[in-house]
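Undergrad: Mind looking over this structure? Questions follow.
The values are calculated or read from the model by the stated rules, or taken from the named source; none is laboratory data. All values reported here derive from a predicted model rather than from experimental measurement. Every residue, glycine as well, gets a Cβ built from its backbone with ideal geometry; the counts of neighbours run over all protein chains shown.
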Amino acid sequence: MLVGESLVMRRLREMIVRVARSRSNVLIQGESGTGKELIARAIHIFSARASMPFVAENCAALPEGVVESELFGHVRGAFTGAERDRQGLIALADGGTLFLDEVGDLPQRIQAKLLRVIQEREFRPVGGKEIRRSDFRVVAATHRDLQGMVERGEFREDLFYRLNVVGIKAPPLRERVEDIPRLVEETLRRLVRVEGGAPSASGEGTPAAGLSKEALEMLLRYPWPGNVRELQNVIEGGLVLAGERIIGVAELPDRIIDNALAEPEGGYRGDESPKPHERVLIEIALQRFNGDKTKAARYIGWSRPRLYRRMKHYGIAADFGRVPKEKKGAPNRSAL
């Protein structure tokens, strides 16, 4: 399901519906984790081929020695270990959609053969003599710059244009930040459903029923190089750590906290106006350095006096973050 009501997602859904009505091949380009296979499946579902197979393969995951057999199939005795005839993906996709993910990773030798199949809708299994036909639509996807690969001679130009009849860009998450709250909600709902929706210890609600305001603000500021897939993994990890509690800042990965702690563009110095979730950032820094004001201030990018002023502004205790020393003779709980 393509989640989000941002302008870029609404336009993407409209384009999917229009493209699905045609028979044209489609090339989906976008960064890893942007949901390229979801787009491909949506095109298939809204097309006249919806009742026929959707056959997907990740070209990057196929060893070069088996790519040809996987795509075109083989006949018995074609090579060592070929003990029986086997249909390839092209034959299996007859009447439906063939989705080739990471198509930029196909060896050039296979690119030439794939081009002919797309043009003629005819193919010959490995080791076979009989020419077979398959009526399929190609939807390809890649995170690589295929145009640049064509210019460098790494990808066939004729195949590129045959695949790129209709081009679709899968938008990165940083270009649709407003969709993050809904994505978090849908991810939590899916994960809780997978876990069986077990009630909390109090018998009410479900585990980690939501995200704290401070944690959500940090998610909104993070650039998400891994896109939606990275967000889903962060929420899953937070769910594990939170147990029956709301997912808070403490359950977020260090990279997201570090990003929020980083000095904003233009710097803090000389500006005493409150910054978004500034109190949370101060508390995190103090906890990280066991209440050491000098280290905490340096980490945030402030002077020590500046840190003291902001602590006073928010009413943060002077000893906040300091771990009390074990009393003499008391049991060492850290060893438990």
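Undergrad: Can you find a residue in segment 23-46 that is touching a Ser or Thr at 6+ places or on another chain (Cβ under 9 Å), farther than 25 Å from VAL3 by Cβ and either surrounded by 19 or more Cβ atoms within 10 Å (Cβ to Cβ) or touching a residue at least 24 places away in the same chain (Cβ under 8 Å) (or both)?
TA: Quick first cut of segment 23-46, residues touching a Ser or Thr at 6+ places or on another chain (Cβ under 9 Å) only: 23, 27-30, 36, 40-41, 43-44.
Applying the additional criterion that residues be farther than 25 Å from VAL3 by Cβ yields 23.
Checking the rest, the ones that are also either surrounded by 19 or more Cβ atoms within 10 Å (Cβ to Cβ) or touching a residue at least 24 places away in the same chain (Cβ under 8 Å) (or both) come to 23.
Within segment 23-46, one or more residues are touching a Ser or Thr at 6+ places or on another chain (Cβ under 9 Å), farther than 25 Å from VAL3 by Cβ and either surrounded by 19 or more Cβ atoms within 10 Å (Cβ to Cβ) or touching a residue at least 24 places away in the same chain (Cβ under 8 Å) (or both).
Undergrad: Let me ask you something else. Does LEU62 satisfy the condition of being modelled with pLDDT under 90 and within 27 Å of ALA170 (Cα to Cα)? Steps first, answer last, please.
TA: Values: modelled with pLDDT under 90: yes; within 27 Å of ALA170 (Cα to Cα): yes.
Yes.
Undergrad: Next up: Consider ARG121 carefully, then state whether it is of a type in the set (Lys, Arg), out of contact with any His (no Cβ under 8 Å at 6 or more places or on another chain) and in contact (Cβ under 8 Å) with a residue 24 or more places away in the chain.
TA: Details: of a type in the set (Lys, Arg): yes; out of contact with any His (no Cβ under 8 Å at 6 or more places or on another chain): yes; in contact (Cβ under 8 Å) with a residue 24 or more places away in the chain: no.
Taking the combined requirement at face value, the residue does not satisfy it.
Undergrad: Can you work out which of the residues in segment 23-41 that are under 17 Å from the mean Cα position of the chain (by Cα) and among the small types (Gly, Ala, Ser) is farthest from ARG174 (Cα to Cα)?
TA: Our first condition is that a residue be under 17 Å from the mean Cα position of the chain (by Cα); within segment 23-41, this holds for 28-41.
Filter once more, keeping what is among the small types (Gly, Ala, Ser): 30, 32-33, 35, 40.
Numbers: GLY30: 13, SER32: 13, GLY33: 12, GLY35: 14, ALA40: 21 Å.
My answer is ALA40.
Undergrad: Which pairs have Cβ atoms under 7 Å, sit 6 or more apart or on different chains, and link a residue in segment 127-140 that is free of Cβ contacts under 8 Å to residues at least 60 places away in the same chain to one that is in a loop (DSSP other than H, G, I, E, B) and among the β-branched types (Val, Ile, Thr)?
TA: That search, which allows pairs on different chains as well, returns GLY127/VAL75; GLY128/VAL75.
Undergrad: Anything in segment 141-158 that is in contact (Cβ under 8 Å) with a residue 12 or more places away in the chain, in a helix (DSSP H, G or I) and under 29 Å from LEU92 (Cβ atoms)? List them, or say none.
TA: LEU146, MET149, ASP158
Undergrad: In addition: Given the residues ARG137, ARG86, which is the only one that is within 23 Å of ILE43 (Cβ to Cβ) and touching a helix residue (DSSP H, G or I) at 6+ places or on another chain (Cβ under 9 Å)? Before you say what the answer is, go through the steps one by one.
TA: Values: ARG86 fails: within 23 Å of ILE43 (Cβ to Cβ).
After applying the criteria, what remains is ARG137.
Undergrad: Here is a follow-up. Test PHE54 against the criterion of being under 30 Å from GLU175 (Cα atoms), surrounded by 18 or more Cβ atoms within 10 Å (Cβ to Cβ) and among the aromatic types (Phe, Trp, Tyr), and give yes or no. Reasoning before the result, please.
TA: Values: under 30 Å from GLU175 (Cα atoms): yes; surrounded by 18 or more Cβ atoms within 10 Å (Cβ to Cβ): yes; among the aromatic types (Phe, Trp, Tyr): yes.
Yes.
Undergrad: Something else now. Working carefully through the options ILE90, ILE118, ILE110, find the one that is touching a Leu at 6+ places or on another chain (Cβ under 9 Å), over 25 Å from SER22 (Cα atoms) and at pLDDT 90 or above.
TA: On the way: ILE90 fails: over 25 Å from SER22 (Cα atoms); ILE118 fails: over 25 Å from SER22 (Cα atoms).
Among ILE90, ILE118, ILE110, only ILE110 is touching a Leu at 6+ places or on another chain (Cβ under 9 Å), over 25 Å from SER22 (Cα atoms) and at pLDDT 90 or above.
Undergrad: Those residues that are crowded, with 17+ Cβ neighbours inside 10 Å, outside any helix (DSSP H, G or I) and more than 29 Å from the chain's Cα centre (by Cα), I need them from segment 89-121; list them, please.
TA: ASP94
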